[in-house]
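Below you'll find the structure, written out as structure tokens, and then a few comments.
The values are calculated or read from the model by the stated rules, or taken from the named source; none is laboratory data. The model shown is predicted, which means the values in this text are computed figures rather than measured ones. All Cβ positions, even for glycine, are placed from backbone atoms using ideal geometry, and neighbour counts span all protein chains on display. For the accessible areas, the whole protein counts, side chains as well, though only heavy atoms, and no ligand, DNA or RNA atoms are used. Shrake-Rupley method; radii C 1.70, N 1.55, O 1.52, S 1.80 Å.
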Amino acid sequence: ANELAATSGILTSAAQTYTANIITPLTLAVNNTCLMRIIVQETNLASNIVACGTYGKGETQDYRVKVVKPTTDLGISQIISPSPSDCPGSGQLLTVKISNYGTGAQSNIPLLATITAGATTVANLSFTFPGPLAASESFIYTFQTPFTTAGATAYTISVTTNKTGDQLTSNNALVTSITSGAKQATPVGEGEICGTNVFLKVTNADQSNYYWYSSPTATSPFSLGSSTSTTTIPSDKTYYVQKEAVANIGPANRSVFSSGGYNVFSGNYVKINNTVPLNIETARLYIKNGGKIKFTVADLVSEDANTGGYRYTPLSTQTIDVYPTTPNPGPDAQALDANDTGAVYRLNLAVPSIGDHIIIIECQDRFGQLDTIITANNANIFRNNAITGTSTYPIAVPGIMSITGNSAHFGTSKESQFYYFFYNMKVNTGACTSDRSTVVAVNAAVPSVTQQGDSLISSAATGNQWYLNDTTVIANANGKIYKPTKSGKYKVVVTDAFGCQQSSNTINYAVTATFDVIAREIKLTVSPNPNRGIFNLSFEVSTRADLSIELLSASGQRVYQRAYSGFTGKYSQVIRLDDLSSEFYVLKIVHDKKTYLQKVLIMR
């Protein structure tokens, strides 16, 4: 009973036709065979008909039924991008693989896609893929509508083929869940204006690439590096820094240059230079005839100036599926197709090392070969030509990459007359970007010099270099305090943490005889001087007499006192004055009716 497929009602006339649809189980295996029995019997009761048995009048026929692939059976076999841990941001594109599981070639295949984050719909996408897609053939397609993803967020992506007459709908849809990657930590920066220059740096830098911008939305950085400088000072003194970068390079579309056409290019190349390792994510290409195109990033080893032949070392390769981006597809045609709007293709082409490279293009047929017999089977691609009155190259995004030329420089051709292949190319520096942080540059502090007693004091704690008479560098004079030994004009040049050098005011200093001369009679020393309130006091007297030691503040207040009766010989003690404030003090020693004075500078 469970094998009964269909039973008719009573057929009262030989002219009647009975039609039934047989629903086959999903467990059928392609290329297997099974039996199907049809029984026709003269009866007025359908229940009289059984699979096996006898009857008066009728006929039994047995058929062998072979299981074959459906003619029309389409589905999504892979969701390629975005993938788990992909970097978040705007301009995301969905790339999928369409597969023809059936035995018949298919064209005009409707595609539907939905991206959701929880209960929120991020994007609804649709496209009718023109094809053709041969039996058992697959094609990688990128939806042209961009959407935005947030960092570290879960998304569900659902993609469906919706071809009328699809005989096996159970494989039409593919659903996947991904979690996007996290943004990089936001950099912290600071800036200093030093005359006509601005010094900028990241204070929490690691091994990442750091890019500096003139506005929060600028697409082209003005500099690369954790430390940099510029001579452009905006009115608000504000700059922006971001870890890693995504940028677009090249003409936005083919209309930037007026003329061009299509060809089955094979071996032509584009010259580039990159400052950092990067990945070429996507580019807008113009395709007249479908097939495959292979791209190779390589180092150019040598060229023959006469033939245009060259040798190269490959660095990375990528082969992509291309379909006609015009409603008027066709083979090789040098003429411009005004109806061709182009399409964004996912290249995912790595440029792993920095420097000068080439990107070689090879147009192929749908099977990844160059058909030299029937060239109409090969893909072709558009490029601009006959460019005049403009400087075509270089086209650059500073600190990331520049397009510097092409292979059209042999014979009478000139590189500047051509622009090859890649429009609005999107590149990234290999890691997720951070948010941009604001850096407001401040004016560098101008150093100053003051005189306290017989010493000169700089306003800067570090980075000092003392000068005599403007030009003479005083050797080993790099401290905050300097005690001159000769008369003259003194100043300090301070180099701060940014590398900014500025000169202080000049002080005229005259060396005169002081009580220090008298102090040398008893070999009086205070070391160190200046100090932080702890110093060693030493002197020597040859006669016996009462000794008094005092330390007086600038206002004459006694802050330290010791007395010894009948002292003679050498005195050496460590004096600790932990509670005294920073200023000049006078050390007063009285012995044998003589007074000896010494200035002491305490700095905390």
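Net charge near residue 138: determine it from the other residues with C-beta under 11 Å of the C-beta of residue 138, scoring Lys and Arg +1 and Asp and Glu -1.
That sum, taken over residues with Cβ under 11 Å, equals 0.
Just tell me which lysines come within less than 18 Å, Cα to Cα, of residue 237; anything on the same chain fewer than 8 places away is out.
201
Counting every Cα pair in the stretch 1-119, what percent are over 16 Å apart?
So the pairs more than 16 Å apart make up 76 percent of the total in the stretch 1-119.
For residue 310, what charge total do you get from the other residues with a beta carbon under 9 Å from its beta carbon, if Lys and Arg give +1 and Asp and Glu give -1?
Within the 9 Å Cβ shell, the charges total -1.
Have a look at the DSSP beta bridges in the chain and tell me what percent are antiparallel, nearest 5.
95 percent
Give the cysteines in the chain for which no other Cys Cβ lies under 4.7 Å away, or write none if there are none.
Result for the chain is 34, 52, 363, no neighbouring Cys Cβ within the cutoff.
Given labels modelled 7 Å from the Cα in the Cβ direction, how far is it in nm from residue 48 to residue 339?
In this crude spin-label approximation the distance works out to 6.5 nm.
Quick one: Cα convex hull volume of the stretch 432-558, Å³ per residue?
Expressed per residue, the convex hull around the Cα atoms of the stretch 432-558 is 206 Å³.
Once label points are set 7 Å from the Cα along Cα→Cβ at both residue 386 and residue 23, what is their separation, rounded to one decimal in nm?
6.4 nm
For the residue pair residue 108 and residue 550, what label-to-label distance in nm results when each label sits 7 Å from Cα along the Cα-to-beta-carbon direction?
Going from the residue 108 label point to the residue 550 one covers 11.3 nm.
Can you compute the FRET efficiency between residue 300 and residue 437 using 1/(1 + (r/R0)^6), with r the Cβ-Cβ distance and R0 = 35 Å? Round to the nearest 0.05.
About 0.35, to the nearest 0.05.
What aspartates and glutamates could a cross-link reach from residue 243, if we take a straight Cα to Cα line under 13 Å and drop same-chain neighbours fewer than 8 places away?
Within the straight-line cut-off, residue 243 pairs with 206, 435.
State whether the stretch 162-231 is rounded, prolate or oblate according to the following rule on the C-alpha gyration tensor (a ≥ b ≥ c being the square roots of its eigenvalues): a/c under 1.5 gives rounded; otherwise a/b larger than b/c gives prolate, and the remaining case gives oblate.
prolate
Which FRET efficiency value, to the nearest 0.05, is calculated for residue 253 and residue 521 with the Förster distance at 56 angstrom and r the Cβ-Cβ distance? Display every interim value, and only then the final one.
Numbers: r = 92 Å, r/R0 = 1.64.
Efficiency, from the Cβ-Cβ distance: 0.05.
So what's Rg/Rh here for the stretch 414-495, counting alpha carbon atoms and using the Kirkwood radius for Rh?
Taking Rh as the inverse mean 1/r over Cα pairs, Rg/Rh reads 1.47.
Give me the number: length gained by fully extending residue 39 to residue 6, i.e. 0.36 nm times residue separation minus the C-alpha to C-alpha distance, one decimal in nm.
Fully extending the segment from residue 39 to residue 6 adds 10.8 nm.
When all protein chains stay in place, what accessible area (Å², nearest 10, 1.4 Å probe) is found for residue 321?
Ignoring ligands and nucleic acids, residue 321 comes out at about 20 Å².
On the accessible surface of the chain, probed at 1.4 Å, how many percent belong to carbon and sulfur atoms?
Exposed carbon and sulfur together represent 50 percent of the surface.
Let me see the P(r) profile for the stretch 483-604: every Cα-Cα distance counted, bins of 5 Å, each bin given as a percent of all pairs.
For the stretch 483-604, the binned pair fractions read 2, 9, 17, 18, 17, 14, 10, 6, 4, 2, 1, 0 percent.
For residue 415, tell me the accessible area in Å² from a 1.4 Å probe, rounded to the nearest 10.
40 Å²
At q = 0.13, 0.27 Å⁻¹, what base-10 log of I(q)/I(0) does the Debye formula yield for the stretch 202-260 when every alpha carbon is treated as an equal point scatterer in vacuo?
Log-scaled intensity ratios, in q order: -0.46, -1.18.
Work out, step by step, the length gained on full extension between residue 586 and residue 13: first 0.36 nm times the residue separation, then minus their alpha carbon distance; give nm to one decimal.
Taking residue 586 through residue 13 to full extension adds about 192.5 nm, to one decimal.
Mean residue ellipticity at 222 nm from the helices of the chain, using -39,500 (n - 2.57) per DSSP H segment of n ≥ 4 over the full residue count, to the nearest 500 deg cm²/dmol?
Values: 1 runs with 5 residues, N = 604.
The helix-only estimate for the chain comes to 0 deg cm²/dmol at 222 nm.
Determine the per residue accessible area of the stretch 1-55 with all protein chains present and a 1.4 angstrom probe, expressed in square angstrom. Write out the running numbers ahead of the final one.
Values: 4950 Å² over 55 residues.
I get 90 Å² per residue for this part.
Over 26 Å between Cα atoms: which of 486/570; 163/294; 489/594; 294/426 fall into that group?
Checking Cα-Cα distances, 486/570; 163/294; 489/594 exceed 26 Å.
Using a Förster distance of 60 Å, how high is the FRET efficiency between residue 595 and residue 203, based on the Cβ-Cβ distance and rounded to 0.05?
E between residue 595 and residue 203, to the nearest 0.05, is 0.65.
Please say if the stretch 349-404 is rounded, prolate or oblate, where rounded means a/c under 1.5 for a ≥ b ≥ c the square roots of the C-alpha gyration tensor eigenvalues, and otherwise the choice is prolate for a/b larger than b/c and oblate otherwise?
Oblate is the answer for the stretch 349-404, as a/c is 1.5 or above yet b/c matches or exceeds a/b.
Taking all protein chains together and a probe of 1.4 Å, list 52, 500 from the most accessible to the least accessible.
52, 500
Please enumerate, by chain and number, the aspartates and glutamates with C-alpha under 16 Å from the C-alpha of residue 97, excluding those fewer than 8 residues away in the same chain.
Hits, sequence-local ones excluded: 73, 137, 321.
Which whole number of Å³ per residue matches the convex hull of the alpha-carbon atoms in the chain?
Values: hull volume 187.4 nm³, N = 604.
So the per-residue hull volume is 310 Å³.
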